[in-house]
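Below is one structure, written out as structure tokens; comments come after it.
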Amino acid sequence: MRYGPILALVTAILSSALPAANAEIRIAQVATIAGNYNVSGTNPDASTYTGTVVVSQVNGNQYRFDWSVANQTFTGTGVLDGNTISVDWGQDSPVIYQVGTNGVLNGTWSNGSAIEVLIPSR
């Protein structure tokens, strides 16, 4: 039995697949998320809210969030890591946002039982 042609075929297939298999997955760091946003969200009790958020770059990839929601203000800070920012706002659990390619921040808070969306103001 001749294994030469089969071995050559298997080697060719594996050698073309190996670079892709060994490629590193890299998540690009978002340039900046600083700006003004419209916010809408759902509280843990399923009630909804809207308002505005100002996100300011403090230092490097550290940001300050200033929410104005339902005649109340909240402030928090977080560090952007890749496309994720976890914002400590003085509660038991942070708001964790994923930054979308369109600049929208999709977040959860209250240990995932509440959601929030920040849409850049235009």
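The values are calculated or read from the model by the stated rules, or taken from the named source; none is laboratory data. Note that the structure is predicted; figures quoted are calculated from it, not measured. All Cβ positions, glycine included, derive from the backbone under ideal geometry; neighbour counts span all protein chains shown.
What to note about this one:
- Checked against the criteria, LEU80 does not count as within 11 Å of LEU118 (Cβ to Cβ) and either at pLDDT 95 or above or of a type in the set (Asp, Glu) (or both).
- Residues of the range 67-87 that turn out to be touching a residue at least 12 places away in the same chain (Cβ under 8 Å) and surrounded by 14 or more Cβ atoms within 10 Å (Cβ to Cβ), as a count: 12
- For TYR63, the conditions (1) more than 15 Å from the chain's Cα centre (by Cα); (2) farther than 18 Å from ASN111 by Cβ; (3) of a type in the set (Phe, Trp, Tyr) all hold with the exception of (1).
- For THR101, the conditions (1) in a loop (DSSP other than H, G, I, E, B); (2) surrounded by 14 or more Cβ atoms within 10 Å (Cβ to Cβ) are fulfilled apart from (2).
- Just one of the listed residues (ASN61, ASN43, ASN71) is closer than 18 Å to ALA114 by Cα and of a type in the set (S, T, N, Q), namely ASN43.
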